[in-house]
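Below: one structure in structure tokens.
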Amino acid sequence: MPELIEVELSRRLADRLTGRRIDTVNLLDAHASRVDQGSFDAALAGATFAEPGRRGKLLLLETGAATLGIHFGMTGRLVVDGRPALERLVYSPQAFEPRWLRFALMLQDGGTVELHDPRRLARVSLDPDLSALGPDAASVTLPELRGILRARSSGIALKARLLDQSRLAGVGNLIVDEVLWRTGLSPERPATLLDDDEVRRLHRHLRRTIDTLLERGGSHTGELMAARVRGGLCPRDGHPLTRSVVGGRTTYWCGEHQR
DNA sequence: CCGGATGTTCACCT
DNA sequence: GAGGTGAACATCCG
């Protein structure tokens, strides 16, 4: 579950873990972590969950001992007590095949915490380094965003800067295209060259878009989503969308109203 | 059959 | 150092 939206929905599901105690840890796929089974046992067995947190796309399952970090990659999904945080995830298979179970916790009350991930892009970690991540996009302030955009660089594209998790955490490829479309800014604009009004508009649309997509229940629920196909037309003005690669990611945008 | 897909990391260029 | 590109991960879908 890729972007901040899906991770936040997972965090909310994880609220039900608070106060419950871990019995055993099972790293079913060693590929899913740089930490080995023994270290997970030592850090988590017997630990009690506190309130879960999130920074960008990283879910933080806090315990009185260590913090279990889960990054879902593109197709990872959290399942707690048999309930999936997301019924459906775009670009991920619908089913929960047993072979896609990568990591699991058994709780002392019989409950379970599972990470399912067909593509093996998800990662679990212990006490993840939060200093490697910028402020969370759902709560970034206007001055912070201004600083993020104006930080010295050699003219990096606006979209690439917004996707840089070390500067701003949580924005992924769908959210960024939606936000830029709503703001009316070209993804190719040099990040450092936005004027004050444009930064303010971008900040407002970033926050508002995240709120809206959260209410709707997914990063794929934006206005632009249906038009993100070859030959797609701008939902606002009917202009053919441009398909290009910006910041290494496929990008759809309207050359008519996004300047 | 082929190309891509909400992501990150790493090697390799420029 | 800053960026850009392409590969890798594994599976599904059009």
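How many of the residues in region A:69-103 are within 17 Å of the chain's Cα centre (by Cα), of a type outside the set (Lys, Arg), surrounded by 16 or more Cβ atoms within 10 Å (Cβ to Cβ) and more than 10 Å from DNA strand C (Cβ to nearest atom)?
Selection size over region A:69-103: 11.
Kindly evaluate A:THR63 against the criterion of being hydroxyl-bearing (Ser, Thr, Tyr) and either over 14 Å from A:LEU27 (Cα atoms) or out of contact with any Asp or Glu (no Cβ under 7 Å at 6 or more places or on another chain) (or both).
Here the answer is yes, as A:THR63 does meet what is asked.
Assess whether A:THR75 counts as being modelled with pLDDT of 95 or more and not assigned by TED's automatic domain parsing to the domain that holds A:SER166.
No.
Among all residue pairs at least 6 apart or on different chains, which show Cβ distances below 7 Å where the first residue, located in region A:233-250, is surrounded by 16 or more Cβ atoms within 10 Å (Cβ to Cβ) and the second is aromatic (Phe, Trp, Tyr)?
Correct list of pairs: A:LEU241/A:TYR252; A:LEU241/A:TRP253; A:THR242/A:TRP253.
Restricting attention to region A:170-198, which residues are under 26 Å from A:VAL7 (Cα atoms) and either away from DNA strand C (no atom under 16 Å from the Cβ) or in contact with a strand residue (DSSP E or B) (Cβ under 7 Å, 6 or more places away or on another chain) (or both)?
Scanning region A:170-198 gives A:GLY170, A:ASN173, A:LEU174, A:ILE175, A:ASP177, A:GLU178, A:VAL179, A:LEU180, A:TRP181, A:ARG182, A:THR183, A:PRO187.
Out of A:LEU163, A:LEU149, A:LEU142, which single residue is touching a residue at least 60 places away in the same chain (Cβ under 8 Å) and either over 18 Å from A:VAL7 (Cβ atoms) or touching a Phe, Trp or Tyr at 6+ places or on another chain (Cβ under 8 Å) (or both)?
It is A:LEU142.
Additional query: Can you find even one residue in region A:76-98 that is β-branched (Val, Ile, Thr) and in contact with an Asp or Glu (Cβ under 7 Å, 6 or more places away or on another chain)?
Scanning region A:76-98, I find at least one residue that is β-branched (Val, Ile, Thr) and in contact with an Asp or Glu (Cβ under 7 Å, 6 or more places away or on another chain), so the answer is yes.
Listed here are the residues, each with its yes/no results for (1) part of a loop (DSSP other than H, G, I, E, B); (2) in contact (Cβ under 8 Å) with a residue 60 or more places away in the chain; (3) at negative phi.
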{"site": "A:GLY38", "(1), (2), (3)": "no, no, yes"}
{"site": "A:ALA43", "(1), (2), (3)": "no, yes, yes"}
{"site": "A:GLY46", "(1), (2), (3)": "yes, no, no"}
{"site": "A:VAL90", "(1), (2), (3)": "yes, yes, yes"}
{"site": "A:GLN94", "(1), (2), (3)": "yes, no, yes"}
{"site": "A:LEU115", "(1), (2), (3)": "no, yes, yes"}
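The values are calculated or read from the model by the stated rules, or taken from the named source; none is laboratory data. Since we're looking at a predicted model, the values are computed, not measured. Every residue, glycine as well, gets a Cβ built from its backbone with ideal geometry; the counts of neighbours run over all protein chains shown.
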